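Novice: Sharing a structure below in structure tokens format, with a few things to ask.
The values are calculated or read from the model by the stated rules, or taken from the named source; none is laboratory data. This structure is a prediction, so every number in the text was calculated from the model and none was measured. Heads up, the Cβs are rebuilt from the backbone with ideal geometry, glycines too, and the neighbour counts pull from every protein chain shown. Ligands, DNA and RNA are stripped out before the accessible areas are found, and what is left, the full protein with its side chains, is counted by its heavy atoms. Shrake-Rupley method; radii C 1.70, N 1.55, O 1.52, S 1.80 Å.
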Amino acid sequence: MKAQRKEPTLRPILEFNPLIDARKLKAALTAGCHDESTVINILTTRSYSQREEIIIAYHDTTGHQLSQDLSSAFSSKCLKVLLALLEPPDEFLAKELDKALNRLGTDSEVVSEILCTRSNAKISGIQLAYLKLHGKTLLSVISSEFNLSLDYKELMSMLLQGLRHESKETNQEKAKKRAASVHNAVEEGWSTSTKIFLRLLTHESFDQLCMVFDEYRLVSGLAMEEAVKSACSGDVGHAALAIGMNC
């Protein structure tokens with residue numbers, strides 16, 4: 001079975017004209033109209049780079065800021081989503097991370113879902129945005145959280161250091177060895193099984209991980225998720241499963 005990594009579904013639309021979109025938004029935001037479906041359809045089906053062009057075209061066409069006109073037209077619940085779409089993705093995610101890390105109890109699931117599914121370059125961009133917005137490094141904040149386990153902090157540290165290989169090439173023999181190593185660690189209850197998982201999940205490329213997961217099914221008869229649950233629990237277990245969702 002060939003390992004295949006899930007690919008993002010939102011891509012730039014091919015027949016894109018920011019001026020046409022800006023005019024449609026202007027009409028949809030006209031006083032007394034407020035065509036919510038048109039606004040949502042445009043902003044949710046364009047990539048961020050395309051939305052940037054729309055913001056500029058809207059200002060050139062109307063003399064207004066799109067964010068201000070949205071604020072005048074829509075309720076707080078809908079408005080929050082629409083304004084988030086206008087933010088640079090790295091800044092938006094940095095803000096979401098800060099909210100998660102400053103809640104009572106720390107929302108590690110949000111932290112995991114943001115950081116465990118992204119490339120080294122995306123993680124680096126989020127870290128730079130976090131430093132710019134909050135004046136401290138994301139790693140220092142995560143490391144200081146007393147509600148997070150040591151294993152979780154170690155996993156996040158490796159992710160934030162950008163240790164993952166990102167080559168598209170895969171090696172089946174290497175995948176077989178990794179799968180056998182994980183299987184032995186889980187079956188024999190090694191005390192180092194969590195460490196083996198942490199290194200595997202933070203160093204191998206996502207494509208190689210998918211292959212390791214496939215090989216694990218062959219050698220054990222179980223999905224890798226079952227092995228993760230056996231070796232990792234709590235916050236680090238959720239993070240490990242979030243990484244596995246890339247396959």
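Novice: Regarding I55, is this residue at pLDDT 95 or above, surrounded by fewer than 14 Cβ atoms within 10 Å (Cβ to Cβ) and among the hydrophobic types (A, V, I, L, M, F, W, C)?
Specialist: No: the conditions fail for I55.
Novice: Could you list, in sequence order, the residues of the range 214-246 that are over 20 Å from T192 (Cα atoms) and touching an Asp or Glu at 6+ places or on another chain (Cβ under 8 Å)?
Specialist: Passing the criteria: only A242.
Novice: With the requirement that a residue be closer than 27 Å to G234 by Cβ and assigned to a loop (DSSP other than H, G, I, E, B), what does the range 170-205 give you?
Specialist: Hits for the range 170-205 are E188, G189, W190, S191, T192, E204, S205.
Novice: If a residue must be open to solvent by 40 Å² or more (accessible area, probe 1.4 Å) and either farther than 20 Å from T117 by Cβ or touching a Pro at 6+ places or on another chain (Cβ under 6 Å) (or both), how many such residues does the range 184-205 contain?
Specialist: 9
Novice: How many of the residues making up the range 99-120 are farther than 15 Å from V236 by Cα, touching a residue at least 40 places away in the same chain (Cβ under 8 Å) and part of a helix (DSSP H, G or I)?
Specialist: 2
Novice: Which condition number does S108 fail, the rest of (1) open to solvent by less than 80 Å² (accessible area, probe 1.4 Å); (2) among the polar types (S, T, N, Q); (3) within 20 Å of K195 (Cβ to Cβ); (4) at pLDDT 95 or above being met?
Specialist: All conditions are met except number (4).
Novice: Looking only at the range 125-164, which residues are free of Cβ contacts under 8 Å to residues at least 60 places away in the same chain, closer than 26 Å to I196 by Cβ and within 17 Å of the chain's Cα centre (by Cα)?
Specialist: Within the range 125-164, L138, L139, I142, S157, M158, L159, L160, Q161, G162, L163, R164 qualify.
Novice: Which of the numbered conditions does D151 fail, given that it passes all the others? Conditions: (1) open to solvent by 20 Å² or more (accessible area, probe 1.4 Å); (2) at pLDDT 90 or above; (3) within 17 Å of R118 (Cβ to Cβ).
Specialist: Just one mismatch for D151, condition (3).
Novice: Within the set of pairs 6+ apart or on separate chains, which have a first residue in the range 208-233 that is within 26 Å of E166 (Cβ to Cβ), a second that is of a type in the set (D, E, K, R) and surrounded by 14 or more Cβ atoms within 10 Å (Cβ to Cβ), and C-beta atoms under 7 Å apart?
Specialist: Note: pairs meeting the criteria are C210/R5; V212/R178; V212/E204; E215/K176; A223/R217.
Novice: Please specify each residue of the range 206-233 satisfying the condition of being over 12 Å from R178 (Cα atoms), assigned to a helix (DSSP H, G or I), touching a Ser or Thr at 6+ places or on another chain (Cβ under 8 Å) and open to solvent by less than 60 Å² (accessible area, probe 1.4 Å).
Specialist: Listed by number, the residues that qualify are D207, A227, A231.
Novice: Could you please give the count of residues in the range 86-98 that are without any contact (Cβ under 8 Å) to a residue 40 or more places away in the chain and outside any helix (DSSP H, G or I)?
Specialist: Final tally of qualifying residues: 1.
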